[in-house]
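Participant: Sharing a structure, written as structure tokens. Questions coming.
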Amino acid sequence: MDNNISESPLRPKWRKVAYGGMQPGFDDNHTDESFLEDMVMNANVVKRDILKVMQDSVCISQYLCIVALVGLVWTHTLQSTLDENSLLLLDASLFGSGFLVLLLTKEMRSLNLLFHYVLNISFFTTGLYILAPIYHTLTRSISSDSIWAVTVSLVLLHLFLHDYSGSTIKAPVALKNPSLTSCVSLNASVVASVFIASRLPSRLHVFAIMLFSLQVFLFAPFVTYCIKKFSFRLHLLFSFGLMAVTLALVYTLHHLLFVLLLGLLVFISIVCPYWLIRIQEYKFEINGPWDEAKLCFNVTD
């Protein structure tokens, strides 16, 4: 028996390294038995409660009712049901109630805060009054059908891109600025308001309806955001009251619109949360060593 058979050298052990090239004796995509030991399934899946989801959906229903109220005011103004004096009275009432809510929900109440708000609103109102004659004649050469089509499209775009979890403008307690989509949504609502205002008979009408629209689209999300931060129960009470008032006013205008709005509110507040909870059981997520590395800290300047 030949005892001089040469023995092959021992095979080097495979090492898990990020850099260093191919290891002798192993393929570039080689993995050992421990590759799947770090696999985690559904690590980032959030278990949602249907009541919590329904409460969160109230913000969407609330703002939908706010936009519906704006549409009601636009309709009654174009039908000459609301004159300029009524609109100005409505603007003053909204300003007063908005200031009251901001002062009551603000942790630090001071005269400087009140003066800051009054000064900004004064500049805002003065500039709007100066620009009212331009808005009045802006779309004189465009047909009414085109105006209505573009206005409806812009309102739908506004609802689609609106940030329902935050404020249109940066709140004092907010940690981040409004997103780009929120700014695009606000611009769409402003342009829609200009188109509606340009079909009114007088410059005072234009000023009153533009002031009303910008109050709602610009400051109403900020006011509702402050209410929600101050008390979630008060937020729910205000939202349900707003829904009831909106449905009652829409019912007086058109019964079919009432049915459509009621169905949409039920779909958003009840059907969609239940739908989301039901499809959660089909969510399947796999994480493992093949995923890209993620920083566990924030990179700041």
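Participant: Order the following by accessible area, largest value first: R233, R140. Probe radius 1.4 Å; ligands, DNA and RNA are ignored.
Facilitator: Sorted descending by solvent-accessible area, the residues read R233, R140.
Participant: Once you place label points 7 Å from the Cα toward the Cβ at Q280 and S144, how far apart are they in nm?
Facilitator: In this crude spin-label approximation the distance works out to 5.0 nm.
Participant: Let's test the formula: R0 of 41 Å, r as the Cβ-Cβ distance of R233 and I134. What FRET efficiency results, to the nearest 0.05?
Facilitator: 0.35
Participant: Same structure, new question: Kindly state, to the nearest 0.05, the FRET efficiency for V118 paired with L247, given R0 = 35 Å and r defined as their beta-carbon distance.
Facilitator: After rounding to 0.05, the efficiency reads 0.50.
The values are calculated or read from the model by the stated rules, or taken from the named source; none is laboratory data. Since we're looking at a predicted model, the values are computed, not measured. Backbone-built Cβ (ideal geometry, glycine too); neighbour counts: all protein chains shown. Surface accessibility is based on the protein's heavy atoms, side chains included, excluding ligands, DNA and RNA. Shrake-Rupley method; radii C 1.70, N 1.55, O 1.52, S 1.80 Å.
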